[in-house]
Each structure stands twice: as C-alpha cells, then as structure tokens.
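The block underneath contains the structure these notes are about, expressed in structure tokens.
We did not get these values from a lab; they are worked out from the coordinates using the rules stated. Keep in mind it's a predicted model, so treat the numbers as computed, not measured. Reconstructed Cβ throughout: ideal geometry from the backbone, glycine too, with neighbour counts over all protein chains shown.
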Amino acid sequence: MAKRILFLLNRAPYGSTYALEAIEAALVAGVFDQEVSVLFSGAGLYQLLSEQDGGAVGGRTVGKMLGALPEYGVTDLFACGPSAQRLGLTGNDLCLPVTWLDYTEQKSLINRQDIITG
Amino acid sequence: MVISIAVHGAPYASAGSRTALRFAASALGLGHRIHRVFFHHDGVLAAAGQGVAPQDEEDLHAGWVRLGESHGVELAICIANALKRGMLDEAERDRYEKDAATAHPAFTVVGLGQLIEAMTESDRFVTFAA
Amino acid sequence: MLPETDKDGYLRNLDDWNPAVAKEIAHQSGIALTAAHWQVIELAQAFYRTYDLSPDMRPLVKWVRAKLGEEQGSSLYLLKLFPDSPARLAAKIAGLPRPTNCL
Amino acid sequence: MATLHLVNKPAAWEDCHPLLDAEDAVLLIEDGTYLALQALSGAALYALEPDVRARGLSQRIRSNIQPASFDDFVRLVERCERVVTWSA
C-alpha cells in the first residue's frame, strides 16, 4: 500500500547542497508510486524564487529542478503562508504554483502523513 | 516494530550521527528491528574507513561498523551524495578509475530508491538532521 | 574520434557532445541511430534544459507521450529503441549526465 | 500521541511551535536542549538527558520538561504515529 510521505523543505537553496539533495529524494519518491507531498517552509521558500541561475555558482538551478516534481508524479506542493509573510514573499515571486497553508492546515497535513522527512 | 533511520550530518561536524547511533542501539536493545540506516547528505562520511579518532573521543565510524556487523543492520550510503564527497566502494572506485576505495565494506552504496523503500517497509522512520 | 568517456561510456565533459559523438556512443552500444532515436534524444535534451535533470524512465515516458502521443509515449516503444535501460542509454547518447537514481 | 517533534537547534522552535497539537510530544535533542532553559509550551515536553548533562543544563532545566533516556526516546517513537525533525 502506498504511504503518505511529506518532504518538509526548509533550507535555502545555494548556501549548501542540502536543498538540492532533498529535492532529488522527493523526485525519486514520486516515481515509487507513493503519495508524496512537499511543504516549503521558512527559508525553504527561497527555493521557489523565480529567475534563479545556479550556473552562476557552478551548479544546477534548484527552481528548475522543482519544476520537474509534477513530471515525477508529485503534484501536491504546499507552502507556509505565515513564512511567506515574514520573508516578504508572495505568489508572484515564485516560479511554481503552490497551495498556501496556514498553521491549522499545516497541522492537518502533518497529521495525515505516515512519514515526514527533510 | 520495524524502524528505519536517516542520518543527514557528518560524524563530528554534527551531533546527529552519534545521536542516531545511540538511538539505533537502544531500539535494538528494546527488541525492535532496524531495517536500514540511510546515510544521506554529509551523513555518508560515516563510511570513511581511513579516519582516526583521538583515543579519548568516541570512534563513530567504528561504532557504526560494529552496529552493522553485530546486529546485521544495513548501513546504506546514498550514491549520489557519496560520490561527490569522495566516499567510494570498490565498484565505484573501479568505475571512476580512482586510486582507492574510501568507504568501509560494512557500508553499501545504494540509490535513492532504497531511501524510499526504507520508508515503505518500516513502521517508523526517524530523521536525524545535521 | 570519441572524446573522453568514463568506463560506462558517459562523456566526462558534456561540452564535447555533438551529433557525430552521439552516433559514435550509440554505435558502441550496438545502436544505429534512426529518426525515431533522434526524436527521443532531442526530447531528453529538452527535458534537461527545462529541469536541469536527466529524466528517469517514468518522467521520460510521460514527457515523450506529452510531445509525441500515446504510441511513442510508452516504455515498450522506448525499450525497443534503447534496449535494457532506455533512460540511461538515451542520456548517455544525448550527452546528459547519468539520471540521479542510477547505481 | 499523534506526532513526535524532534528539535535539534534552538532556532527551529520558531518553525515547530506553531504546528504543535495538544496530543503531540516534543523531544529536545543536541543543541535543541538549550531550549529547556526557556518557558516552552504546546505539547508534552522532553529533553534528551545525556545532551542536557553534557551542556550543564541538568539543574537548570524547566520543571515542565522531563528528562528522557535513549530508551525513553525509542518509546516515544513507538507511541507516536510519526516523527518530524525540526532543524534550522
């Protein structure tokens, strides 16, 4: 039976390779027929900023990689509304459409999961 | 209960590798089964077979090897993360024509699919962050 | 003349790729490239340009289906063109890095 | 218990705290144990005892936070349905 797996992405994309490697794991989870969702929270929202160019710092572009999530079967993309407000970001700043969740909605998302990882 | 563990931090640089090792030992002691320890991100450096710990500090690499060998726990290092950090087993050393295999043979080099399989085959999945 | 590759035949330097190199890599894998192969190679390259990722099998099938239709967008069709492991072989011939999940 | 929240850095409390349910448990580990000096609330609170002791916090830990051994850690994982790790 498929498990409900939530990837909680809360790291900024270029200060370390952490975000990129977590996205690779989320992509692979998608092709393994699990019910995968992703929640961008805190500095993880920076992963979604438009107009990134990872080539400028010698690597891949995290925002482009995130665009592949639906190709890999991961279509439930959520983002923390209060985080966006704190960081001064809106949907217009992002390169992908996400569903904004308040804290109550994030709690119920967490409570629906079998597994949560980062 | 079947438990799998992810270790995200490098030994010493992050406390997580040691915390995970202690947690795994306690879980085994309480009768649980550890299906797989998946070393992800800098966590793969736990496989470094050439490290030398000072005599008065815990040897984390040796601790993991002992856990793997005495309890049959699978120690899996993520291939994508391991290669770029210089952790190669004999097969990868040969493939990329490098001088030496750097990962201890108690660790197996695996794809990210094994991370997802650990999640699907375990009752609990515990992530030890960096 | 084939530029430097690793033991599995992937280009060490992706900038060395050109259609003649693709032909040579394919030849080493026992494949004579046809128009059907080139369609898939170009689609794998487009996937890479779009997402900074070499497609794994499932997303490659989906991508080909979206661009070429149901008949070509199947694992069987890709397996006939690129036997054994279509995503890896197509990436190799297209001058892309190994797909992430490959051992 | 519903969810076990592992907190290994003090700064992670800001992300974790708003998402606590009353029936959840929080286990402070590693540098997260420094949070045991503060007035925390929102769930059942535990702190990993060796990490507390190492950092000189044993006598300073707040009374609403229970020390937990590694065996207690395992039992919390058993009792909760899922584990989420907060790190910043």
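You will find that of A:THR99, A:THR90, the residue that is away from chain D (no Cβ under 14 Å), closer than 17 Å to A:PHE7 by Cα and among the hydroxyl-bearing types (Ser, Thr, Tyr) is A:THR99 and no other.
How about segment D:1-54: which strands (runs of 3 or more DSSP E) wholly inside it have at least 1 residues that are more than 13 Å from chain B (Cβ to nearest Cβ)? Full working, then the answer.
On the way: elements: D:3-7, D:25-28, D:44-48.
The qualifying strands (runs of 3 or more DSSP E) are D:25-28, D:44-48.
Each residue in segment B:16-47 was checked for being part of a helix (DSSP H, G or I) and on the phi > 0 side of the Ramachandran plot, and 1 pass.
Looking across segment A:72-86 at every residue that is within 14 Å of chain C (Cβ to nearest Cβ) and hydroxyl-bearing (Ser, Thr, Tyr), the one that is surrounded by the fewest Cβ atoms within 10 Å (Cβ to Cβ) is identified as A:THR75.
When residues in segment C:52-65 are screened for being buried (at least 23 other Cβ atoms within 10 Å of the Cβ) and either of a type in the set (Phe, Trp, Tyr) or more than 7 Å from every other protein chain (Cβ to nearest Cβ) (or both), 4 of them pass.
Going by the conditions given, is D:SER69 surrounded by fewer than 16 Cβ atoms within 10 Å (Cβ to Cβ), touching a helix residue (DSSP H, G or I) at 6+ places or on another chain (Cβ under 9 Å), within 11 Å of chain B (Cβ to nearest Cβ) and more than 30 Å from A:SER16 (Cβ to Cβ)? Spelling it out, D:SER69 is indeed surrounded by fewer than 16 Cβ atoms within 10 Å (Cβ to Cβ), touching a helix residue (DSSP H, G or I) at 6+ places or on another chain (Cβ under 9 Å), within 11 Å of chain B (Cβ to nearest Cβ) and more than 30 Å from A:SER16 (Cβ to Cβ).
Let's see how each residue does on (1) under 24 Å from B:ILE79 (Cβ atoms); (2) surrounded by 23 or more Cβ atoms within 10 Å (Cβ to Cβ); (3) touching a strand residue (DSSP E or B) at 6+ places or on another chain (Cβ under 6 Å):
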site	(1), (2), (3)
A:ALA12	no, no, no
A:GLU21	yes, no, no
A:ALA29	yes, yes, yes
A:ASP53	no, no, no
A:GLY59	yes, no, no
A:PRO70	no, no, no
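Going by the conditions given, is B:GLU97 among the acidic types (Asp, Glu) and under 14 Å from the mean Cα position of the chain (by Cα)? So B:GLU97 fails the test.
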